[in-house]
Amino acid sequence: MFIDVVTLFPEMFPGPLAGSITGRALSAGLADMRVHDLREWTHDAHRTADDRPFGGGAGMVMTPGPIFEALDDVVGADDAGVVLMTPAGTPFDQEIAKDLAARPQMVIICGRYEGVDERVRGRLTHAVSVGDFVLTGGELPAMIIIDAVLRLVPGVLGDEDSAPSDSFYNGLLDCPHYTRPAVFRGMAVPDVLRRGDHGEVRRWRRKEALRRTRALRPDLLTRAQLSDEDKALLREIEEEERERTQ
């Protein structure tokens, strides 16, 4: 896929994206990331991309002209994902990541200052936030989006089963994981994982994913598509917890 980043601070890229899995994916050509300096689409001697807000108030607002022109030049696919990083956006989640990964191109606009002229929203497919907090700009959140999307591009992960087993991919938190040694400082790996019964292991992992989600993110259960087996496992979990509290 093609990834285009429009930013006032292109020197921040690739940053951490140059390392590990994302760096190898970009080097191997599994994705083509292009970073664009928004000031290339300004037309004054000072290369101005912001102005005072109408109505007064503190701070500056990114002007629409350079952004519109940048999108005119950069967006090449009719179904490209055009993403604005903004605290006033929809919370980013795995469903958005999957949607963007399925598109041939993703264009990310990194917001700055007090925000972006509201008229830019008419050019977007997504306005996205990475959390209920404010950063100095959208560059670091853009890197988070790129990392999450790249993991879903075929060939990026060494094991194609890795992404579908991630937390949130299917609406739940991931189950606990263990590796060698079987006993560490008196703490043993659950027997079911050591017996080699793949059916039991699958059931245990699903049950523990449900248990963890119920304990840490019960809001996810209200939105997850649960099978009859999932509902039966949840009843088992509830019964086990009642027995422990008696």
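The values are calculated or read from the model by the stated rules, or taken from the named source; none is laboratory data. It should be emphasised that the depicted structure is a prediction, and the values quoted were computed from it without experimental measurement. With ideal geometry, Cβ positions are generated from the backbone for all residues, glycine too; neighbour counts draw on all protein chains shown.
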Members of region 26-63 that are farther than 17 Å from Thr136 by Cα and touching a Phe, Trp or Tyr at 6+ places or on another chain (Cβ under 6 Å):
Asp32, Val35
Out of (1) surrounded by 14 or more Cβ atoms within 10 Å (Cβ to Cβ); (2) of a type in the set (A, V, I, L, M); (3) farther than 30 Å from Gly57 by Cβ, the odd one out for Ala102 is which?
(1)
Under 6 Å between Cβ atoms, at least 6 apart or on separate chains: pull out the pairs that start in region 70-88 with a residue that is in the same structural domain as Ala142 (by TED's automatic domain parsing) and end on any residue that is at pLDDT below 95 and not in a strand (DSSP E or B).
Pro87/Val134
Out of Gly59, Gly65, report the one residue that is modelled with pLDDT under 95, over 27 Å from Ala224 (Cβ atoms) and not aromatic (Phe, Trp, Tyr).
Gly59
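Of Arg195, Arg180, Arg121, which residue is out of contact with any helix residue (DSSP H, G or I) (no Cβ under 9 Å at 6 or more places or on another chain), farther than 29 Å from Arg223 by Cα and surrounded by fewer than 19 Cβ atoms within 10 Å (Cβ to Cβ)?
Values: Arg195 fails: out of contact with any helix residue (DSSP H, G or I) (no Cβ under 9 Å at 6 or more places or on another chain); Arg121 fails: farther than 29 Å from Arg223 by Cα.
From the options Arg195, Arg180, Arg121, the qualifying one is Arg180.
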Picking from Leu233, Leu152, the residue that is of a type in the set (A, V, I, L, M), under 30 Å from Met85 (Cβ atoms) and either outside the structural domain of Ile109 (by TED's automatic domain parsing) or surrounded by 12 or more Cβ atoms within 10 Å (Cβ to Cβ) (or both) would be Leu152
Considering only helices (runs of 4 or more DSSP H) wholly within region 127-246, the ones with at least 2 residues that are of a type in the set (Val, Ile, Thr) are 139-150, 198-216, 228-245
